[in-house]
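Every read-out reported here was derived from the displayed coordinates using simple, explicitly stated rules and does not represent laboratory data. For clarity, every value in this text was computed on a predicted model and none was experimentally measured. When we count neighbours, we look across all protein chains shown, and the Cβ atoms used for this are built from the backbone with ideal geometry, even at glycine.
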2 protein chains.
Amino acid sequence: MTQSVLGLDYGTDSVRAIIVNAVDGSDIASHVAPYPRWKEGKYCDPGTNRFRQHPKDYVESLEAAVAGALKAAPEGTAKSVRGIAIDTTGSTPVAVDREGTPLALKKEFEENPNAMFVLWKDHTAVREADEINTLAKTWGGVDYTRFEGGVYSSEWFWAKLLHVMREDEKVRAAAFSWVEHCDWLPALLTGKTDPLTLKRSRCAAGHKAMWHESFGGLPSEEFLVKLDPLLKGLRANLFTETFTSDAAAGVLTEEWSRRLGIHAGIPVAVGAFDAHMGAVGGEIVPGSLVKVMGTSTCDMLIAPLTEMSGTLVRGICGQVDGSIVPGMLGMEAGQSAFGDVYAWFKNLLAWPLKLLAVKGYRDQAAELEDAIIPALSEEAAKIPAGESGIIALDWLNGRRTPDADQNLKGAVSGLTLGTDAPRLFRALVEATAFGSRRIAERFESEGAPIRDVIAIGGVAKKSPFVMQIVADVMNRTIKVAESEQTVALGAAMFAAVAAGLFPDILAAQKALGSGFTDGYQPNPANAAVYDSLYKEYLALGNFIEERTRAKSKNR
Amino acid sequence: MTQSVLGLDYGTDSVRAIIVNAVDGSDIASHVAPYPRWKEGKYCDPGTNRFRQHPKDYVESLEAAVAGALKAAPEGTAKSVRGIAIDTTGSTPVAVDREGTPLALKKEFEENPNAMFVLWKDHTAVREADEINTLAKTWGGVDYTRFEGGVYSSEWFWAKLLHVMREDEKVRAAAFSWVEHCDWLPALLTGKTDPLTLKRSRCAAGHKAMWHESFGGLPSEEFLVKLDPLLKGLRANLFTETFTSDAAAGVLTEEWSRRLGIHAGIPVAVGAFDAHMGAVGGEIVPGSLVKVMGTSTCDMLIAPLTEMSGTLVRGICGQVDGSIVPGMLGMEAGQSAFGDVYAWFKNLLAWPLKLLAVKGYRDQAAELEDAIIPALSEEAAKIPAGESGIIALDWLNGRRTPDADQNLKGAVSGLTLGTDAPRLFRALVEATAFGSRRIAERFESEGAPIRDVIAIGGVAKKSPFVMQIVADVMNRTIKVAESEQTVALGAAMFAAVAAGLFPDILAAQKALGSGFTDGYQPNPANAAVYDSLYKEYLALGNFIEERTRAKSKNR
């Protein structure tokens, strides 16, 4: 039996386990296990954007996913596993006790959402994020948001923990420290859960917790106490050092060896966020912009540290030494809404179907709803670029990059009585492509050149119509990763490096990478049309920004 | 039997005949007769916006409508009719021979669309309208478009006749003169069809044919020949004098007395356009803005000539002495799309229903489509003013008033992933209301004050949701005419004056007017919200205008 590695990819709804041949990267087996309590809608309140996940969900789904993958794999596969790596969503932190146990695993907190993981998309900490932003700009010391794009988000570590500590006295009293989802699982599997020593992920710390080497680690005690005296003393229970995922967090314990059916003593890599391991799975190299294209996008670029030394890329979502590939500067940007824009339009058009469902045609309504985006894509693909004169702005969920501003909103111009649904859909797709182009232009204008574009994620794999427009608008060739599970493959690569099977990530990528499909070539005629429409997109965006600024001043 | 009058209202699809008690204005009977050939789609090509109507359609439907009304009326009604007046769509001209017979009534032209009436919404003469506009601004003489808002439209008299004359040599050779629909019917019924002497409508001539007293009538021969040498000599076969509809075009001939079953010798009033007679039916008085609210709007205001002497209201669709009420300055403005904006949104949302129809649920799809606007209105009415933050621009069919510009297009800003169909619908309704407010503001800023607002037309009668928003946005009380057939009632008022039953239109309005329903009062809280949203509407409009201008310069 050949050597293999196990990659575990914790998404929003489920965990995927894949076992990969550690010599050539071929898939041996995989299995997806949903989070049981999450699936029932427990501990969440969409009305207030409260989204919490129970640590037991992560543990039970882990066992199910690994068991499922091993069951699907050839006999003897279990014995071949040489290393494990884990990626998760983030920032998804949890309050832990002195031993590093998430509070919800303790009897007295088992049903308390504040004692659970605060999922990335939980927006309960909007006020706390505002306070962090105001303080960072006004307190007179260093602006701790500067390596995170200059704007701290309610989706991130400090905002979330402060919100929970304010809201829940019992959790505050019982919380010795806080741990990210991607840090807790490696700690658990290796038995190294002590919050003072467990190995924290560089990518989580640098992109979401305002950690930076030049700050001496996390924001100073003075800053944190100014933010809220409640935070007094917490910094000392967190961390100063951080690690990249080529390092092992530890080795698999005897107990977890038994529970998973895998050899004890194999290395478990330091964890990281899904998009970042995905970029590695998508074979990111310096100058390759990797776009994770789904409901939103995450756009990642790496560069040698020496090349970017002293360069601060303005208005992206963070730049962190080693956050994507160890030894390289990892830069992250993104669009707050991408596939979500198309889903929004589908929901808009599906509005009358409610009336159909009410009349007893529920199945037909559901079937019709699913048919909308494919039918629109088919029709919209026939419309020549620029024919409709419609220009849309993709900021329906605010703007993440460049220069994050969640107050901005979407717009559409050029509407006529002849504007039909396929024309409007095409304009919305073009708008999301213009948003992609704007991110690439920002990277380049700030001194981070882009040589090629690699796409991964659902839209990249499923929508040739969208992908061709993105290629035309960006006027760049777009390669699409061959693998259907690029993120988990990236985790497997880290597992292989942490296990010592390859000297570094580049070597693991070369050996285990899935390569690319034919991808998309820009059509020169369309690219020329889009060059001119892009100017209109920028003009519309500037107008919307001005009005938004003027309105917020008047308040 | 009391005295009665007959009003004939020729719309786009049918003619309505009403017989009104000439003492108190109560309805005696009415009947609607469709145009038979038009109903079959004959002589039209929607793809090229060619819309023609056969003179036989007008004649046959006239007989059917009058017969239907008399049949529905009490015995003896026919004998009580003391006068007739006719309104029609316009500009809807036709080529006529030396006797004033529309060419399509002659054997050799009976199937030739160019020998038929060119319906108001026929857009085949776009090029000719452009040429007229360019020449009017550059030829060095008087700008003949100045009393028609400064922009000549492809929907109007000269553009249409020039287009037909260029396109059809046979029609050109056979055409002695041209006559508007509203002028031909009174001429026909009174036997006074000689093109040189038949009484031409002041409103048609002044609003659509660049006729003005100060020009000495129609544009000069020099101007017309410069426009196209083909026009040489035509001016002499048209007209210099024009008439208001309180005058009789003549009296009913023996032949038409037999065909209609009404006394010969009763006066038939000079014709006029439907919107203008509608304004009279809606009891327009100086300072009352009458809005005909349907697929588009026509906004009319009258003022004493002395009061407006020397005032040119910039950017409206025309100001003509006596075009609405004899002896008053008649001013016309309008929105190119009003109800059409709602219909557009309905069609957008109905797009997936095509897929349903294809699957065999054709009836359900049709039923659902009809339910969309009522359901949207119900939901949208529950949304507080200003809650959604969405601002829309109503220029989906260009902008008619102020400052006509058909190149302008619609827009929407403030979209978020939470924007649902009712919110977007409400914003579109608000946009059409903002457009109404802008027209009222233009009248006032140009020295034509508005005291109150009177609404007539389909939207005014059918959509309390829309009407309340218009009242809130305009911050004015809106009265709605009680009559369900205000335009035909206006024609009946003119019939009564032409018959000498009343000394003038004001007296006829007082006696025969239907009065008003309770109407709509502005909600002060909403009016304040809309005051601030209106500024955003103007800002969005200015941006769109600037970009449109910049783009057309770059071409």
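Using only alpha carbons, the stretch B:28-79 has a radius of gyration to Kirkwood radius ratio (Rg to Rh) of 1.18. Can you list the DSSP H helices in chain A whose Cα atoms extend at least 24 Å along the helix axis and whose mean Kyte-Doolittle hydropathy is 0.5 or higher? For chain A, where a helix must reach 24 Å along its axis and average at least 0.5, there are no hits.
Classify the stretch A:491-555 as rounded, prolate or oblate, taking a ≥ b ≥ c as the square roots of the eigenvalues of its Cα gyration tensor: rounded when a/c is under 1.5, otherwise prolate if a/b is larger than b/c and oblate if not.
Oblate, since a/c reaches 1.5 and b/c is not below a/b.
Scattering from chain A was approximated by placing one identical point on each alpha carbon and applying the Debye formula without solvent; log10 I(q)/I(0) at 0.09 1/Å stands at -0.67. The spacing between the stretch B:165-189 and the stretch A:379-437, judged by their C-alpha centroids, is 48 Å. For B:Lys106 and B:Glu213, FRET efficiency with R0 = 25 Å and r from the beta-carbon atoms, rounded to 0.05? Once the sixth-power term is evaluated, E becomes 0.10. B:Leu305 sits among other residues whose Cβ lies under 12 Å from its own Cβ, and their net charge, with Lys and Arg +1 and Asp and Glu -1, is -3. Note on the stretch A:117-217: semi-axes of the ellipsoid equivalent to its C-alpha gyration tensor, largest first and rounded to whole Å, are 23, 18, 12. Each residue, A:Lys56 and B:Glu378, gets one label point 7 Å from its Cα in the Cβ direction; the gap between the two is 4.4 nm. Between B:Lys121 and B:Ala72, the simple spin-label model (points 7 angstrom out along Cα→Cβ) gives 2.3 nm. Only Cα sites of the stretch A:6-157 enter the Debye sum here, all with the same form factor; the resulting log10 I(q)/I(0) across q = 0.19, 0.21 1/Å is -1.10, -1.21, listed in q order.
Over the C-alpha trace of the protein assembly as shown, radius of gyration and Dmax come out as 36.9, 115 angstrom. Peptides A:32-39, A:474-481, B:518-525, ordered by how many other C-beta atoms sit within 10 Å of their residues on average, highest first, read A:474-481, A:32-39, B:518-525. Neighbours of B:Ala527, meaning other residues whose beta-carbon lies under 13 angstrom from its beta-carbon, give a summed charge of -1 when Lys and Arg score +1 and Asp and Glu score -1. Measuring from centroid to centroid over Cα atoms, what is the spacing of the stretch A:523-537 and the stretch A:260-295 in Å? Their Cα centres are 35 Å away from one another. Computed FRET efficiency, Cβ-Cβ of A:Lys551 and A:Lys79, R0 60 Å: what is it to the nearest 0.05? Between A:Lys551 and A:Lys79 the formula returns 0.40.
Rounded if a/c is under 1.5, else prolate if a/b is larger than b/c, else oblate: which is the stretch B:417-492, with a ≥ b ≥ c the root eigenvalues of its Cα gyration tensor? Note, shape of the stretch B:417-492 comes out oblate.
When the listed pairs B:Lys461/B:Lys535; A:Lys56/A:Lys462; B:Lys160/B:Lys226 are checked against a 26 Å cut-off, the alpha-carbon distance exceeds it for B:Lys461/B:Lys535; A:Lys56/A:Lys462. Rounded if a/c is under 1.5, else prolate if a/b is larger than b/c, else oblate: which is the stretch B:157-292, with a ≥ b ≥ c the root eigenvalues of its Cα gyration tensor? It is oblate, given that a/c is not under 1.5 and a/b is not larger than b/c. Sticking with the crude label model, points 7 Å out along Cα→Cβ, report the distance from B:Val225 to A:Gln3 in nm, one decimal please. Roughly 9.9 nm, to one decimal. What does the charge count near B:Ala64 come to, summing +1 for each Lys or Arg and -1 for each Asp or Glu among other residues with Cβ under 15 Å from its Cβ? That sum, taken over residues with Cβ under 15 Å, equals +1. Per-residue mean of foreign Cβ neighbours for B:416-426 is 4 (Cβ atoms of other chains, 10 Å radius). Loop-located GluC sites (Glu not before Pro) across the stretch B:91-181 with a Cβ neighbour count of 15 or fewer within 10 Å are B:Glu99, B:Glu110, B:Glu111, with loop assigned by DSSP.
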